[in-house]
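Structure provided below as structure tokens; questions to follow.
The values are calculated or read from the model by the stated rules, or taken from the named source; none is laboratory data. Note that the coordinates shown come from a computational prediction; the quantities given were computed from them, not determined experimentally. Note that we place each Cβ from the backbone using ideal geometry, even for glycine, and neighbour counts take in every protein chain shown.
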Amino acid sequence: MIFGKIDYINLLPFHVFLKKSSLQSSFKQSCERKKSVPSDINRKFKKRAVDGAFISSIESQKKSIKPLSLGIVAKKNVKSVIVKEGISKKDPASATSNILARVLDVKGEVFIGDKALKLYIENPEDYIDLATKWNAKYKLPFVFARLCINNHHSFYSNLTKKFKKKSIKIPQYILKHYSIKRGIEPIEIKKYLSLISYNIGSKENKGLKLFFKKARFFKHIK
């Protein structure tokens with residue numbers, strides 16, 4: 001089994017969960033081999049080079065894809081999906097966030113992931129948090145990605161159930177590692193992770209459906 005890993009801080013609790021689990025070492029090693037940015041993981045998943053991965057929401061709506069009730073959810077604000085107003089420019093690592101900016105009619109340069117988080121923490125007044133804008137407008141959480149599978153449905157389904165039951169604490173040595181690597185203080189990483197949830201329930205699905213409905217007008221615009 002091969003899992004496509006998005007190596008962003010927003011999935012750190014899930015990666016710690018996998019690391020601490022009793023899963024085979026070959027599976028854990030495959031996560032490291034296939035790690036990349038969201039847009040590349042989307043391509044790998046489409047080519048069936050990975051069995052499971054967190055896929056950008058905009059890609060996960062395809063009928064051939066089987067999403068589970070686990071994802072990357074911004075409850076209100078998120079800090080890591082932002083726009084600097086000005087000339088419109090996409091983030092090449094993104095799929096969903098570029099379209100979200102269009103749906104919300106926010107013009108400027110899109111930044112996602114840990115680089116965006118660092119930018120926002122340093123100068124929050126310079127950026128628009130797209131999750132905040134979405135929530136203010138529609139009063140719904142925003143789902144940026146969903147765990148989807150190509151193979152081994154029962155395995156990933158059980159993994160999802162186990163993760164939801166766990167209260168994950170990030171070890172200090174891992175926090176320190178990401179802090180040094182990404183240039184973000186451990187306390188800021190903790191604050192950031194408190195903004196994110198992973199369960200996709202009724203409110204999250206309602207938000208997804210609304211986003212898909214609005215996004216269809218922008219998906220094919222270059």
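Which residues, taken from region 14-27, are surrounded by 15 or more Cβ atoms within 10 Å (Cβ to Cβ) and either over 17 Å from the mean Cα position of the chain (by Cα) or within 17 Å of Lys181 (Cβ to Cβ) (or both)?
Correct list: His15, Val16, Leu23, Phe27.
Taking Lys162, is it more than 16 Å from Val78 (Cβ to Cβ) and either surrounded by fewer than 17 Cβ atoms within 10 Å (Cβ to Cβ) or under 17 Å from the mean Cα position of the chain (by Cα) (or both)?
Taking the combined requirement at face value, the residue satisfies it.
Let me ask another. Can you give me the number of residues within region 77-90 that are in contact (Cβ under 8 Å) with a residue 24 or more places away in the chain and over 14 Å from the mean Cα position of the chain (by Cα)?
Here the count works out to 3.
So which residues in region 182-194 are under 19 Å from the mean Cα position of the chain (by Cα) and not small (Gly, Ala, Ser), if there are any at all?
If the condition is that a residue be under 19 Å from the mean Cα position of the chain (by Cα) and not small (Gly, Ala, Ser), then Arg182, Ile184, Glu188, Ile189, Lys190, Lys191, Tyr192, Leu193 are the ones that fit.
Let me ask another. Buried (at least 16 other Cβ atoms within 10 Å of the Cβ) and either in the same structural domain as Ile65 (by TED's automatic domain parsing) or hydroxyl-bearing (Ser, Thr, Tyr) (or both): is that true of Leu104 in this structure?
no
Please determine, by comparing only the residues of region 102-130 that are among the small types (Gly, Ala, Ser) and assigned to a helix (DSSP H, G or I), which one is nearest to Lys209 (Cα to Cα).
Only one residue tops the list, namely Gly113.
Any chance region 191-212 includes a residue that's out of contact with any Phe, Trp or Tyr (no Cβ under 8 Å at 6 or more places or on another chain), surrounded by fewer than 14 Cβ atoms within 10 Å (Cβ to Cβ), at pLDDT 95 or above and within 26 Å of Leu119 (Cα to Cα)?
yes
Could you go through region 69-90 and let me know if any residue there is among the aliphatic types (A, V, I, L, M), touching a strand residue (DSSP E or B) at 6+ places or on another chain (Cβ under 9 Å), at pLDDT below 95 and not assigned by TED's automatic domain parsing to the domain that holds Phe14.
Yes, the conditions are met somewhere in region 69-90.
Of these, Asn135, Asn123, which one is at pLDDT 95 or above, among the polar types (S, T, N, Q), closer than 30 Å to Gly108 by Cα and within 18 Å of the chain's Cα centre (by Cα)?
Testing whether each residue is at pLDDT 95 or above, among the polar types (S, T, N, Q), closer than 30 Å to Gly108 by Cα and within 18 Å of the chain's Cα centre (by Cα) leaves just Asn135.
Any residue in region 140-153 that is at pLDDT 95 or above and out of contact with any helix residue (DSSP H, G or I) (no Cβ under 8 Å at 6 or more places or on another chain)?
Taking every residue of region 140-153 in turn, none turns out to be at pLDDT 95 or above and out of contact with any helix residue (DSSP H, G or I) (no Cβ under 8 Å at 6 or more places or on another chain).
Conditions (1) of a type in the set (Gly, Ala, Ser); (2) farther than 18 Å from Glu204 by Cβ; (3) in a helix (DSSP H, G or I), marked per residue:
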{"residue": "Lys19", "(1), (2), (3)": "no, yes, yes"}
{"residue": "Glu59", "(1), (2), (3)": "no, no, yes"}
{"residue": "Lys62", "(1), (2), (3)": "no, yes, no"}
{"residue": "Ser69", "(1), (2), (3)": "yes, no, no"}
{"residue": "Ser94", "(1), (2), (3)": "yes, yes, no"}
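Residue check: is Asn98 in a helix (DSSP H, G or I) and modelled with pLDDT under 95?
Taking the combined requirement at face value, the residue satisfies it.
Could you run through region 163-206 and say how many residues are in contact with a strand residue (DSSP E or B) (Cβ under 6 Å, 6 or more places away or on another chain) and among the small types (Gly, Ala, Ser)?
Qualifying residue count for the region: 1.
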